[in-house]
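Written out below as structure tokens is the structure these notes cover.
The values are calculated or read from the model by the stated rules, or taken from the named source; none is laboratory data. In this text the structure is predicted, and so the values were computed from the model without any measurement. A quick note on method: Cβ atoms are made from the backbone with ideal geometry, for glycine too, and the neighbour counts reach across all protein chains shown. To get the accessible areas, we keep the full protein, side chains included, count just its heavy atoms, and leave off ligands, DNA and RNA. Shrake-Rupley method; radii C 1.70, N 1.55, O 1.52, S 1.80 Å.
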Amino acid sequence: MLSIKNLTVNVNDKQILKGINLEIKAGEIHAIMGPNGSGKSTLSHVLSGKGGYTVTGGSATYQGKDLLEMAPEIRAREGVFLAFQYPVEIPGVSNIYLLKAALNSIRKHNGQPEVDAMDFLMLVKEKVRLLEMDEKFLYRAVNEGFSGGEKKRNEILQMAILEPKLCIMDETDSGLDIDALKIVSEGVNSLRSPERSFVMVTHYQRLLDYIKPDKVHVLAHGQIVKSGGADLALELEEKGYSWVEEAAA
Amino acid sequence: MNTAIASRYAAEYPTIAPALPGQNLPWLQTLRAKALEQFSALGFPSPREEEWRYTNVSGIEKKLFSPSTGLTAADVDAEWLKAYQLQDAWILVLVDGHFSAELSVLDGLPEAISVMSMADALTTQPDKVEQYLGLAADQSEHSFIAFNTAWFTDGLFVHVPAKLVLDKPIQLLHIVTDSDAMATTRNIIIAEALAEVKVIETFIGVTNAYLTAAVTEIFVGQNADLTLYKMQSESEKAYHFGGSYIKQARDARFTHHNFAFGGLLARSDIHVDLDHASECELNGLYLGVKRQHIDNHTRINHLKPYAISRELYKGVLDDRARGVFQGRVIVAVDAQKTDSQMNNRNLLLSDDAEADTKPQLEIYADDVKCGHGVTVGQLDEKSVFYLQSRCVDEETARNMLTFAFANEMVDKIKIRGLHDMILEQVLARFPQQGVNKEWL
Ligand SMILES: Nc1ncnc2c1ncn2[C@@H]1O[C@H](COP(=O)(O)OP(=O)(O)O)[C@@H](O)[C@H]1O
Ligand SMILES: [Mg+2]
């Protein structure tokens, strides 16, 4: 699905990612954990094509194609989805408008006709129920005036509707109370399939209690300093990050 | 100040005056004479005046606009007009500043309310008009008011008695069809205590150069609720000067939605006087393309305690267009507990576009909550990327965000037909590639 080799990235001439290597197979869930400032969001952004980052070396291959060559919207249409750590408010564009625009862009990209209006509404309403959201949210402007938790839930709603192949979730758990965390996790779990992979960026073990990862990686100072199974997350929870950082130093 | 052009207008006045309404009313004759004198002395405003610093009106001094005569309903393209007529509204149509009974839709009005042309009001209820004309608009303040007072040919007169809630809006459809015409209209809208009324002013014109000088005086009675919509879609060669002067009684509510789309040079003045615990909300959207110059001037006078004012003006400027916003909020010594918020946001789509914004707070009371904010800038790149990450290509993302910026103001319009009409105007003025109207 995704193969990252020796990826180095600069921001304003400062090296932030210092040689990342990551292999993610279809159907796998990978957790990337690490202290604040270690480069987790940078990695998520670079994979989804945000501007302001300079790739100075290495590669990222997605389904056999050079991911870094593609425009952000092409990556998205090819099935890469980033659930933002800080979702952007877009006054004046309703949620439902954006969902329709996004879904139809994907369909067009795949040579399919526009989605039927009734089918679309049914699909959207089903997913709204899945995430236990109020239908009114659909007609509100994207993220405008949403609470932190509502924004995160809205990201997952978009993900559930667009059915991406590679889901990158950047700290989706932060800002969620325990009930919302359960709902979001169930939503994510319902999307698990042998064709879909997840990269879950998180700070805490909490989310991983509900969504069990296949692999856990620790990112520190722009490098993956340790990789392991789901148990590694528990160990991190217990001992904090310093021991892996020290071990790597 | 250019009084040469003023004297040319004044020289023509005696030939025009006999056709103006209210000839038999001495008070009006006196008022008009005084206004003519004031205009002759002042001429059109000059950029040397503080309130006209950013708006040079010398363009209108290059020619003499004259009142149009002899046009009839038959001269108006009915199909074209239809696009601007609201369904389910009472409509008063003025063609080149003259009432057209044929094009107007005024039947079925409740007995107690008056919706008629100013000329009719001057015939049937001159005392009422005398009581209000010039009460809210001070003609010494502004030479366009003086100009309007001397020259007005007709207008809209609305009187809604106490406690009456009007279920349909009233639309003033102001059309100019004649080249080099001046359309000078004077409107009075009175909502007595506890009345509720919605009035829509629509200014349109064919593709000529002409001059609109309209003054609207509005009186919102105690606990009354009045909403005024203005859609200015004059021709791209037109000059538009529109003033709305509002007096609110205790606990009155006034809401204004001001859409400025047309005109080569367009200026609107909105002055609101707030009494005890009254509330006003001023919303505005101006879109400038090509070489348009669009100026909005607002003044909110907090005269008494506990009044609330909310103001949001947004501008989108492309090509070489220039937008001006001057917003003054004046809080009198007595106006304790005033709560006022003023915002102006501008989006520049081209390097040659310009926005001048000048919020002014003049606060003489000490226990008040007043705030203001202005921005002039480009589209937010974070938002562009967010949309791209949701499969939308960059050009469409930019168009969507531009549209969305403007749409925030359009969305506030709850009268369906008007909402759709304004939406059309917005979409017609900006790149729409990728913006899907059917999904809005
Ligand atoms: N636009 C930027 N300009 C300068 N430094 C940045 C920028 N974005 C991120 N950084 C730096 O890159 C490092 C990694 O940031 P980030 O990827 O957001 O970390 P994380 O998501 O792991 O908390 C931090 O040291 C941060 O200060
Ligand atoms: Mg982060």
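Here are the numbers for this structure:
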{"item": "Approximate spin-label separation B:Ser179-B:Glu395, in nm, with each point projected 7 Å along Cα-to-Cβ", "result": "3.8 nm"}
{"item": "Most mobile of A:Glu28, A:Glu186, A:Glu171 in a GNM of chain A (Cα contacts under 10 Å)", "result": "A:Glu186"}
{"item": "Carbon and sulfur %, accessible surface of chain A computed with the full protein complex present, 1.4 Å", "result": "48 percent"}
{"item": "Exercise: per-residue mean of other protein chain Cβ atoms within 10 Å, A:97-108", "result": "4"}
{"item": "Accessible area buried, both sides summed, chains A and B with 1.4 Å probe, Å²", "result": "2300 Å²"}
{"item": "Highest-fluctuation residue, B:Met342, B:Met118, B:Met421 considered, GNM on chain B with Cα pairs under 10 Å", "result": "B:Met421"}
{"item": "Average other protein chain Cβ within 10 Å of Cβ, residues B:392-405", "result": "4"}
{"item": "Ellipticity estimate at 222 nm from DSSP helix runs (n ≥ 4, -39,500 (n - 2.57)) divided over chain A, nearest 500", "result": "-11000 deg cm²/dmol"}
{"item": "Sparse-neighbour loop sites [GluC sites (Glu not before Pro); region A:29-133; at most 15 other C-beta within 10 Å; DSSP]", "result": "A:Glu114, A:Glu132"}
{"item": "Total formal charge among the other residues, if their Cβ is under 12 angstrom from that of B:Met182, Lys/Arg +1 and Asp/Glu -1", "result": "-3"}
{"item": "Within-11-Å neighbourhood charge of B:Trp52 [Cβ basis; K, R +1; D, E -1]", "result": "-2"}
{"item": "Tail fraction, Cα-Cα pairs, region B:329-440, threshold 17 Å, whole percent", "result": "67 percent"}
{"item": "Relative contact order [Cα under 8 Å, 6+ residues apart], region B:380-440, whole percent", "result": "38 percent"}
{"item": "Whether region B:3-275 is rounded, prolate or oblate, judged on the alpha carbon gyration tensor where a/c under 1.5 counts as rounded", "result": "rounded"}
{"item": "Cα→Cβ-extended label distance, 7 Å offset, between B:Arg291 and B:Glu130, nm", "result": "4.8 nm"}
{"item": "From the C-alpha gyration tensor of region B:317-365, square roots of 5λ in Å", "result": "32, 9, 5"}
{"item": "Relative contact order for chain A, counting Cα pairs under 8 Å that sit 6 or more residues apart, in percent", "result": "28 percent"}
{"item": "Beta bridges by DSSP in chain B, antiparallel share as percent, to the nearest 5", "result": "5 percent"}
{"item": "Dimensionless Rg ratio for region A:106-249, taking C-alpha atoms and the 2.2 N^0.38 Å reference", "result": "1.22"}
{"item": "q = 0.08, 0.17 Å⁻¹: log10 I(q)/I(0) that the Debye formula gives for chain A, counting C-alpha atoms only", "result": "-0.30, -1.38"}
{"item": "For region A:57-168: rounded, prolate or oblate by the Cα gyration tensor [a/c cutoff 1.5]", "result": "oblate"}
{"item": "Accessible area in square angstrom per residue, chain B, 1.4 angstrom probe", "result": "38 Å²"}
{"item": "Sites B:Asp351 and B:Arg53 - FRET efficiency at Förster radius 22 Å, r taken between beta-carbons, to 0.05", "result": "0.45"}
{"item": "Cα-only radius of gyration and Dmax that characterise region B:282-375, units Å", "result": "14.9, 45"}
{"item": "Dimensionless Rg over Rh [region B:277-334; C-alpha; Kirkwood]", "result": "1.14"}
{"item": "Across B:Lys82/B:Lys237; A:Lys25/A:Lys108; B:Lys304/B:Lys337; A:Lys5/A:Lys215, pairs whose alpha-carbon gap is larger than 19 Å", "result": "B:Lys82/B:Lys237; A:Lys25/A:Lys108"}
{"item": "Volume in Å³ per residue [convex hull over Cα atoms, computed for region B:123-236]", "result": "115 Å³"}
{"item": "Most mobile listed residue (B:Glu79, B:Glu395, B:Glu236) in chain B, GNM with C-alpha springs under 10 Å", "result": "B:Glu79"}
{"item": "Assigned charges on the beta-carbon of Lys, Arg, Asp, Glu; the protein assembly as shown dipole about Cα centre (debye)", "result": "1100 debye"}
{"item": "Cα-based convex hull volume of region B:380-440 per residue, rounded to whole Å³", "result": "83 Å³"}
{"item": "Pair A:Lys182, A:Asn21: separation of 7 Å Cα→Cβ label points (nm)", "result": "4.2 nm"}
{"item": "Taking chain B and dividing mean pair separation by its residue count, relative contact order in percent (alpha carbons under 8 Å, at least six apart)", "result": "9 percent"}
{"item": "Listed residue (A:Phe198, A:Val216, A:Leu2) projecting farthest to the positive dipole end of chain A, Cβ model", "result": "A:Leu2"}
{"item": "Length added when fully stretched, B:Ala33-B:Thr375, from 0.36 nm per residue minus Cα-Cα", "result": "118.7 nm"}
{"item": "Per residue Cα convex hull volume in Å³ - calculated over the protein assembly as shown", "result": "182 Å³"}
{"item": "Length released on extending from A:Met118 to A:Asp214, taking residue separation times 0.36 nm less the Cα-Cα span", "result": "30.8 nm"}
